[in-house]
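Below: the structure, in structure tokens.
The values are calculated or read from the model by the stated rules, or taken from the named source; none is laboratory data. It should be emphasised that the depicted structure is a prediction, and the values quoted were computed from it without experimental measurement. FYI the Cβ positions are ideal-geometry reconstructions off the backbone, even for glycines, and counts take in every protein chain you see. These area figures cover heavy atoms from the full protein model, side chains too; ligands, DNA and RNA do not enter into them. Shrake-Rupley method; radii C 1.70, N 1.55, O 1.52, S 1.80 Å.
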Amino acid sequence: MKVPFRFFIFTNISRSLLKTLEINLISTRGIVMTRKMLIDGELRTGDSAEVEVQYDFDLFVIGAGSGGVRAARTSAGFGAKVAICELPFHPISSEANGGVGGTCVIRGCVPKKILVYGASFRGELKDARNFGWEFGEKLEFNWKKLLHNKTQEIIRLNGVYKRLLSNSSVTMIEGEGKITGAREVEVTHPDGSKQRYSAKHILIATGSRAQRVNIPGQELAITSDEALSVEELPKHAVILGGGMPFIFVYIAVEFASIWRGMGATVDLFYRKELPLRGFDDEMRTVVARNLQGRGIQLHPNTNLSELSKTENGIKVITDQGDEIIADAVLFATGRVPNTKRLNLEAVGVEVDKTGAVKVDEYSRTTVPSIWAVGDVTNRMNLTPVALMEGTCFSKTVFGGQPTKPDYSYIPCAVFCVPPLSVVGQSEQQAVEQGNGDVLVFTSTFNPMKNTISGRQEKTVMKLLVDSETDKVIGASMCGPDAPEIMQGIAVALKCGATKAQFDSTVGIHPSAAEEFVTMRSLTRRVAATGIAKTNL
């Protein structure tokens, strides 16, 4: 539809050079307006013509998980008009279900940590006896009560995230988003109706989804989504995982601790010699020893080959020919980027062989108006990293502050019992990547609490130091409160702290944390061309 306008052209091009001038109103439901000017046979923009485009939104975010919500709120804080779409809430994700808050809040970090707390009480109550607490020999655990309270908490948090968006003036739209153009998103609402929205920028923040192993009987297994909401607590659980690369390894070891802490028999299978591939080998050994000490049966170098249903439960056959009957089998073998239904190929957004969206250092995709943050890019799949990427995106696009995400010295934790937490390089990485020798400092001790409880479980701490600069380049801890302690250590490493500065810091006594500032005896020195070792 052509509509006449009165206008002024601010240009030094003479009228004789102006062959045609056309102003079109291109309407998507009467919203988008573009002025096109053909001068000397070419479409010109910038200082050659006045160009004005109006969109429904400055930013449309697909996916209201950690990264998407952070990006939406911070962008709105910079004055952008923002919309975000998300699937209807449900504890277990599917193509039709999701929920504001995303994986971490609804079916990941938060509910998992709640279950870890619940599982930890079994050991705590046992330890309490030597501290004078008297109670009956038999302890009763009510799984359904914990499950109910966990679900109520994630429902509450789902509401909190909605209010955060609303209070930031972000428009929330319930439904599945699909990209239909470089600046257009189509949302399919729960009732099946569809609506299209235009946006100057589109942000993909759809996260990732748990995957199953392709073996006969795979449909009999569950993923972490279902494991967080199973109606009946398993009496005997088989878990496959713990040997996937770094980010994907957590859930197998964590659920082994959860279910064992709640009284189940647990068999943990993984394809390598130790669980938690990608972590420091010395700390992996500590975790394996602790898992066994808590009664978890470990099966290294072993995979599952077949599942079948029997009258007594699920028959599990391993690649070693062994058979186990269990009433729950958990596949904790990684996650895949959630991109299949986004229509990315049609609009020119490139993905890698795993389906992860390809982005540059600023989180921009191969289509300039489309961006992506979080697990869907498969860079470093941690909730705080998605938050950082979302903030950097907002600063870059709407804040006038081009900002690249900084992936150095990002701490993380595995919430097994007791937990493992690390920041910086592992000993193996330090040896492979360093130019000079690596100085290794370790401390292994019996926590004060265990001296009374009688629990035979050591805490292990480790510092890695660059011999040439004296900078601490890696820190690890496996023991009670490790994540809380490591968060503070991460600040020090981010600031470039040296071993001398650690040594000059006064500790808090009595505490486990003080060991990090009292490790003055060198455990070993590893040459840059040497082989990383363990002291266990």
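Considering the range 388-422, the residues that are open to solvent by less than 40 Å² (accessible area, probe 1.4 Å) and small (G, A, S) include one that is nearest to V286 (Cα to Cα), namely S421. When you check S421 against the structure, is it farther than 29 Å from L240 by Cβ and under 17 Å from the mean Cα position of the chain (by Cα), yes or no? Taking the combined requirement at face value, the residue does not satisfy it.
Among the residues making up the range 423-441, a single one is open to solvent by less than 30 Å² (accessible area, probe 1.4 Å), assigned to a loop (DSSP other than H, G, I, E, B) and closer than 30 Å to V110 by Cα: S426.
Here V385 passes the criteria (1) surrounded by 21 or more Cβ atoms within 10 Å (Cβ to Cβ); (2) in contact (Cβ under 8 Å) with a residue 40 or more places away in the chain; (3) not in a loop (DSSP other than H, G, I, E, B) except the one numbered (2).
Set side by side, the residues T469, T444 differ, and just one is assigned to a strand (DSSP E or B) and either at positive phi or open to solvent by 50 Å² or more (accessible area, probe 1.4 Å) (or both), which is T444. What do you reckon, is G261 touching a residue at least 24 places away in the same chain (Cβ under 8 Å), at positive phi and out of contact with any strand residue (DSSP E or B) (no Cβ under 7 Å at 6 or more places or on another chain)? No, not satisfied. Is it the case, given these coordinates, that R212 is within 26 Å of the chain's Cα centre (by Cα), open to solvent by 30 Å² or more (accessible area, probe 1.4 Å), farther than 30 Å from E176 by Cα and modelled with pLDDT under 95? Here the answer is no, as R212 does not meet what is asked. Of the strands (runs of 3 or more DSSP E) lying entirely inside the range 137-209, those containing at least 2 residues that are open to solvent by 80 Å² or more (accessible area, probe 1.4 Å) and either within 24 Å of E345 (Cβ to Cβ) or among the aromatic types (F, W, Y) (or both) are 194-204. For the range 323-357, the set of residues classified as among the charged types (D, E, K, R), in contact (Cβ under 8 Å) with a residue 12 or more places away in the chain and part of a loop (DSSP other than H, G, I, E, B) consists of D327, K340, R341, E350, D352, listed by residue number. With respect to the stated conditions, A346 fails to be crowded, with 22+ Cβ neighbours inside 10 Å and either among the aliphatic types (A, V, I, L, M) or within 19 Å of T223 (Cα to Cα) (or both). Checked against the criterion of being at pLDDT 95 or above and assigned to a loop (DSSP other than H, G, I, E, B), the candidates L233, L240 yield just one match: L233. Of note, N303 does not satisfy the criterion of being at positive phi, out of contact with any helix residue (DSSP H, G or I) (no Cβ under 6 Å at 6 or more places or on another chain) and at pLDDT 95 or above. If the condition is being free of Cβ contacts under 8 Å to residues at least 40 places away in the same chain, polar (S, T, N, Q) and either surrounded by 20 or more Cβ atoms within 10 Å (Cβ to Cβ) or part of a strand (DSSP E or B) (or both), then the range 302-322 contributes only T310.
Could you tell me whether I239 is among the aliphatic types (A, V, I, L, M) and open to solvent by 10 Å² or more (accessible area, probe 1.4 Å)? It is false that I239 is among the aliphatic types (A, V, I, L, M) and open to solvent by 10 Å² or more (accessible area, probe 1.4 Å). Of the residues making up the range 279-301, just one is open to solvent by less than 40 Å² (accessible area, probe 1.4 Å), in a loop (DSSP other than H, G, I, E, B) and under 23 Å from Q428 (Cβ atoms), namely D280. Just checking, which of G123, G108 is over 27 Å from S208 (Cα atoms), of a type outside the set (S, T, N, Q), open to solvent by less than 50 Å² (accessible area, probe 1.4 Å) and at pLDDT below 95? Step by step, each of G123, G108 is checked, and only G123 is over 27 Å from S208 (Cα atoms), of a type outside the set (S, T, N, Q), open to solvent by less than 50 Å² (accessible area, probe 1.4 Å) and at pLDDT below 95. With the condition kept exactly as written, say whether any residue in the range 37-56 is more than 28 Å from S394 (Cα to Cα), in a loop (DSSP other than H, G, I, E, B), open to solvent by less than 10 Å² (accessible area, probe 1.4 Å) and at pLDDT below 95. Yes, because at least one residue in the range 37-56 is more than 28 Å from S394 (Cα to Cα), in a loop (DSSP other than H, G, I, E, B), open to solvent by less than 10 Å² (accessible area, probe 1.4 Å) and at pLDDT below 95.
Yes or no: K272 farther than 23 Å from A119 by Cβ and in a strand (DSSP E or B)? So K272 fails the test. Scanning the range 480-519 for residues that are in contact with a Pro (Cβ under 7 Å, 6 or more places away or on another chain) and open to solvent by 60 Å² or more (accessible area, probe 1.4 Å) turns up P480, Q487. Scanning the range 198-238 for residues that are among the hydroxyl-bearing types (S, T, Y) and in contact with a strand residue (DSSP E or B) (Cβ under 8 Å, 6 or more places away or on another chain) returns S198, T206, S208, T223, S224. For the residues T377, T354, T333, the requirement of being within 30 Å of V253 (Cβ to Cβ) and open to solvent by 40 Å² or more (accessible area, probe 1.4 Å) singles out T354.
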